[in-house]
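A.B. asks: I am attaching a structure below and will ask some questions about it afterwards.
No value in this document is a laboratory result; all are computed from the given coordinates. Worth saying up front: this structure is predicted, and the values here are computed from it rather than measured. Using ideal geometry, Cβ is built from the backbone for each residue, glycine included, and neighbour counts are taken over all protein chains shown.
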Amino acid sequence: MGSLLKSSSLTSLLSTPPTLRSQSQPRFRFVPKAKSSSSSILTRRHFILHHTSTIPLSIATLTSLPLQPAKAEDALSEWERLSLPVDPGVVLLDIAFVPDDFNHGFLLGTRQTLLETKDGGSTWVERSIPSAEDEDFNYRFNSISFKGKEGWIVGKPAILLYTSDAGQSWERIPLSSQLPGNMVYIKATGENSAEMVTDEGAIYVTSNRGYNWRAAVQESVSATLNRTVSSGISGASYYTGTFNTVNRSPDGSYVAVSSRGNFYLTWEPGQPFWQPHNRAVARRIQNMGWRADGGLWLLVRGGGLYLSKGTGITEEFEEVPVQSRGFGILDVGYRSKDEAWAAGGSGILLRTNNGGKTWTRDKAADNIAANLYSVKFINEKKGFVLGNDGVLLRYLG
């Protein structure tokens, strides 16, 4: 697998075949799906407030009610829950807004979920891509990113979509079936340019709308670790796993957690290989990411939260007490250098106002029976928490 990444030009893996490049590229437009005939949507909060004294109704019945384009529920503390037109069981995975219009955004998830908002997230409408629906695959859309009006979406099985008109139409970019690993992350970096990462550690960059890609690393993570068994990385010998999570800093550096959580890896622009690191904690790592000040945060399985000492890449961390109630924390999102939110299992929400030194529990989602997987702040005024069962919270602060 490592040999697939050694070439400086990956035309054979990622570029459009010559026969396709000579033809005009097909363009696909979103087609709104038929709306439900129901005139209203009944939320759990609305039911509990107005109907518990008269009619018993099971959760199964509630989740089977027809869905409409989403509207905001009553405010939950500093967050409000938005009802979405998605099936029960959908896991929301990523969200992005058009930089020139922060009212216009897209929401991705499993089961080929793709929603669009034009009012800042108050209401969402389901969209579809005809070229994807005509196939037998049920795509999992993993990542979305915008730079100006240009946007990119990647998913599994391998699919790459590109827009130059803020999502009014999407063009499907052909990809090789021999691409190493599954595409898990994409970042729009400039005009016609993007950076893409697979769960096997391949990093590719393009500057011509995705028709040609260049490898930013010389080999896969498996090849790097198996070649450097003497590096002393615990659990890294004969490594054949994949990334569990990967996060990018504003300056283009990456931190990724191995699928078993027994070590982590980093990469900085210009480095030929990923750099493995032993974990500095006893429990296995759940997720890692970047603080607003340039340091790292680290989550372990079982609910522990650690902050790196200083900024930049390091192996020195110190634990920070958190009130996780025994539930695992799954992600952290920084709104500013001082304020950040952590989210996790069974609706756990934690807040810090001092950069992460101390955390307090916010009861906003205590009654939401869902795991909260991702905290995304678009800017200081707009933030979202994404979870399973179609749970989406919007920041009100």
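A.B. asks: Of 185, 211, how do they rank once you tally other Cβ atoms within 10 Å and put the fewest first? Intermediate results must be reported in sequence, preceding the final value.
C.D. replies: Values: 185 22, 211 18.
The order, fewest Cβ neighbours first, is 211, 185.
A.B. asks: Would you mind ranking 382, 357 so that the residue whose beta carbon has the fewest other beta carbons within 10 Å leads the list? Mind dumping the intermediate values first?
C.D. replies: Details: 382 18, 357 11.
Lowest count first: 357, 382.
A.B. asks: Within the stretch 267-284, whose backbone N sits under 16 Å from a point 7 Å along Cα→Cβ of residue 214?
C.D. replies: Under 16 Å, as judged by backbone N against the label point of residue 214, lie 269-273 of the stretch 267-284.
A.B. asks: Per residue of the stretch 333-343, what does 6.51 cos²θ - 1.76 cosθ + 1.60 with θ = phi - 60° give for ³J(HN,Hα)? Whole Hz please, x for Gly and Pro, Karplus curve as stated.
C.D. replies: My calculation for the stretch 333-343 gives x, 9, 7, 7, 5, 9, 9, 8, 10, 10, 9 Hz in order.
A.B. asks: Which cross-chain or sequence-distant (5 or more) residues have an amide H under 5 Å from the amide H of residue 344, H modelled 1.01 Å from N in plane?
C.D. replies: 330, 372
A.B. asks: Now for a separate question. Suppose a student asked you for the relative contact order of the stretch 288-379, using Cα pairs under 8 Å spaced at least 6 residues apart; what percent would you report?
C.D. replies: After rounding, I find 22 percent.
A.B. asks: At 7 Å along Cα-to-Cβ for each site, give me the label-to-label distance between residue 325 and residue 380 in nm.
C.D. replies: 3.1
A.B. asks: Could you tell me the calculated FRET efficiency between residue 226 and residue 346, based on Cβ-Cβ distance and R0 = 35 angstrom, to the nearest 0.05? The partial results should precede the final answer.
C.D. replies: On the way: r = 39 Å, r/R0 = 1.10.
According to the calculation, E is roughly 0.35.
A.B. asks: Please work out the C-alpha center-to-center distance from the stretch 373-397 to the stretch 151-229 and express it in whole Å.
C.D. replies: 25
A.B. asks: Quick check on packing: order 308-317, 344-353 by the mean number of other C-beta atoms within 10 Å, highest mean leading.
C.D. replies: On the way: 308-317: 14.3, 344-353: 20.6.
Packing order, densest peptide first, comes out as 344-353, 308-317.
A.B. asks: Okay, next question. Based on the alpha-carbon gyration tensor of the stretch 279-397 and its eigenvalue square roots a ≥ b ≥ c, which shape applies: rounded if a/c is under 1.5, prolate if not and a/b is larger than b/c, or oblate?
C.D. replies: Cα axes put the stretch 279-397 in the oblate bin.
A.B. asks: Assign one of three labels to the stretch 354-397, namely rounded, prolate or oblate, based on the Cα gyration tensor with a ≥ b ≥ c the square roots of its eigenvalues; rounded applies when a/c is under 1.5, prolate when it is not and a/b is larger than b/c, and oblate otherwise.
C.D. replies: oblate
A.B. asks: Can you give me the long-range amide H partners of residue 93? Hydrogens built in the peptide plane at 1.01 Å from N, cutoff under 5 Å, separation of 5 or more residues or another chain.
C.D. replies: Sorted by chain and number, the residues that satisfy this are 108, 109, 110.
A.B. asks: So how far apart, in nm, are the two label points at residue 102 and residue 357 if each is 7 Å from Cα heading toward Cβ?
C.D. replies: Each label point lies 7 Å from its Cα, and together they span 2.8 nm.
A.B. asks: Turning to a different aspect of this structure: With θ taken as phi - 60° and the coefficients 6.51, -1.76 and 1.60, list the Karplus ³J(HN,Hα) couplings across the stretch 95-103 in order, rounded to whole Hz; mark glycine and proline as x.
C.D. replies: Computed from phi, the couplings for the stretch 95-103 are 8, 8, 10, 6, x, 7, 8, 6, 8 Hz.
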